[in-house]
1. When Rg is the radius of gyration of the Cα atoms in region 360-414 and Rh is its Kirkwood radius, what does Rg/Rh come to?
2. P(r) for region 292-385, please, calculated from all Cα pair distances in 5 Å bins and given in %.
3. Over region 336-378, with the other protein chains present, what is the accessible area per residue in square angstrom, probe 1.4 angstrom?
4. What percentages, rounded to whole numbers, describe P(r) for region 95-246 computed over all alpha carbon pairs with 10 Å bin width beginning at zero?
5. Enumerate the whole-percent occupancy of each 10 Å bin, from 0 to the last occupied one, for all C-alpha pair distances of region 48-154.
6. Of all DSSP beta bridges in the chain, what percent run antiparallel (nearest 5)?
7. Taking the alpha carbon gyration tensor of region 191-325, what are the square roots of 5 times its eigenvalues, largest first, to the nearest whole Å?
8. Just tell me which lysines come within less than 22 Å, Cα to Cα, of LYS238; anything on the same chain fewer than 8 places away is out.
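The values are calculated or read from the model by the stated rules, or taken from the named source; none is laboratory data. Computed from a predicted structure; not experimentally measured. Every residue, glycine as well, gets a Cβ built from its backbone with ideal geometry; the counts of neighbours run over all protein chains shown. What goes into the accessible areas is simple: the full protein's heavy atoms, side chains included, and nothing from ligands, DNA or RNA. Shrake-Rupley method; radii C 1.70, N 1.55, O 1.52, S 1.80 Å.
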Amino acid sequence: MPRTRPVMLAAAVGFILGPALSSAETSNHMADELRFSVIVKQDCPTCRLIEPALVALSETHGLDVYCQDDVNFPASIRHVTDDTTLEYSYHQNIETVPTLVRFEAGVEVGRTEGWDRAAWRDLTSIETLGETLTTFQPGCGSLSVAPGMPEQLAIQYGGLQFGARRVELDEREDPVEAMYARGWSDGLPVVAPTDVRIARMLSGTERAADEVVGLIPPNLVECTVEKVAINAVMAGCKSEYMPVILTALEAALEPLFSMHGLLCTTWFSGPAIIVNGPIARRVGLNAQGNVFGQGNRANSTIGRALQLVIRNVGGGRPGEIDRAVFGHPGKVGFCFAEDESDDDWLPLHVARGCAPGSSAVTLFHGDGVHGIRGHRARSAQELARTLAAGLVGVCHPKLYGWSGAILAISPDHYAVFQREGYGRAEIEAAVTEALRKPGHDVIEGAHGLAEGIDPSRADELVDKFHPGSLLVVRAGGTGSLLSAVIGGWAAMRRPHEVQPITREIVTN
C-alpha cells in the first residue's frame, strides 16, 4: 500500500479551543493545600542557574518539576515529570522557561517567569531563597511557543478539530500539481492547506471556525470561517490578514454589491479592495510606491483569498459562470491601502460614514488601471480638468452615469491641490464640475457616435458619475506628476441596485 499524507481540508465544522488541566493533574494539585509547579528545559541557562533554588523550594514546599527537553534535568531533583510532549506546558500557557506557578487548593494564584529573586521570594514566602544566585536573569522561550508548535499543540491537546473533508495524496504526488488538477487554483501555485497552517490562520480571528459568513455565489454554498481560512492559506496570506479578508467577503455578499452579477458579467470588472485605518499599517499593506504592482505580500494575497473563496466555495470559475470577455489581471486579486500619512486628508472610509480612527474595507467593482499624466497643470483647477479628461473615457466618453471609478491621486498631484487648500471635498467637487457636460453633447448619435445617453436628456447638464460612485483616494509614490484611474462596472448605471460597499473591520 502506498503511504499517504494529508494535504487539504475542504469543508468546515466548529471547534473548541481552550487550555485546561487534565483531571489527573487537577487531582494531583488538589491533594495539597499549597503546591508549586516549575516548568524548565535543560537547554536554558537560566533554568540551569536556578537549580539550587529548586532544591531549596522542594525541601520546603510541595514542588512538581516539568522538563520540556530532558527527563534527567535537573539532576538534583529526585522526581522530574517528562513534558517533552509539551502537553502540560500547553495547558498551562507557558511562554517562558523557567516559569514558577503557585497553586492553592488546586487553583493557580500566581506565577513568575525567568529568575527574579525578589519575585520568587514573594511568591514562595521563602525569604532566603536564591541567596547565592544573581538577583535577576531573564528566561528563554518555551518550546511550546516555538514556530508552528502552538498550532500543533492546539490540534493535539486543545480540542481544535476540523470537520472539513480531508484529501489524502500519495507521497509521490506533487501537492501543487495535485491542486492544479483538482481545479483549486486561479492559475498560480497555491499553498497546501494542512492542519497546522489552517490552525495558524484561524488564530488571526476570534470568530468561531464554524460560524457561517454567508452563502457564496454563484452556487450559494454555505461558507464558514474555516473555509475562509483554508482559502487564505492557499492564497499565501498571514493570519493577521483574516479580519480584512472576512470583512471584504461580508462586503461582497451585501446585496448592493451584487457579487453574483459581477461574476456573470461580460465586463472587465472584479472586486477591488481598499483598506483604511490602523489595520492597514499593522498588516503591512502598501499605499505608496508601486501600490498597484507586485512585491507586497498583503496587497498580493488578501484580494486573492477573496477570489479563491468565490472560486472554490461558490464555484465562480472563468469560462463557466464567469463570462468576462477580457477580464483583467487584478481579477486574481486586487487590494491596496489608502495613504493616510497626511493629517489634513479625510480618509475614504471616514468620508463614507465610518468613525475616525476605525479600520474599514471599501469594495469596488474595479477594472484595470490606466494612468493620467499631468505634468503641466500648475493650479488646482487646471489639475482638476486634467484628471477629469482622464476620467471621461471610463466605460465610454459618451456614457454618462453608466459606471463608477477610483481616482488615485499621487502625492505630487496632491501637493498641487494642497497648495491652494483643496482637501477631499474640494477635489471631488472640482473634478465633478469639470466632468459635467450638456446632455446634447453625449446623447446617442451626437458627434456621429451611436453610443450615448437617452436623447430625452439633451437639455440637461449631466454628471459622469452618480453620487458616491467616484472614489477619490490618496495613493502611490513620489517622483512624477501622475495619477491613476480604475474604471468601474457598467452595471453601476443602476445605483439603486449596484454600489461600492464600505464596511468597518471588527477585529474581535
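1. Details: Rg = 12.6 Å, Rh = 12.7 Å.
Here the Rg-to-Rh quotient is 0.99.
2. 2, 9, 15, 16, 18, 16, 12, 6, 4, 1, 0
3. It amounts to 45 Å² per residue over region 336-378.
4. All Cα pairs considered, the percentages come to 9, 26, 25, 16, 13, 9, 2, 0.
5. Values per bin, smallest distances first: 14, 46, 34, 6, 0.
6. The antiparallel fraction comes to roughly 70 percent.
7. The three semi-axes for region 191-325 are 22, 19, 14 Å.
8. LYS227, LYS331
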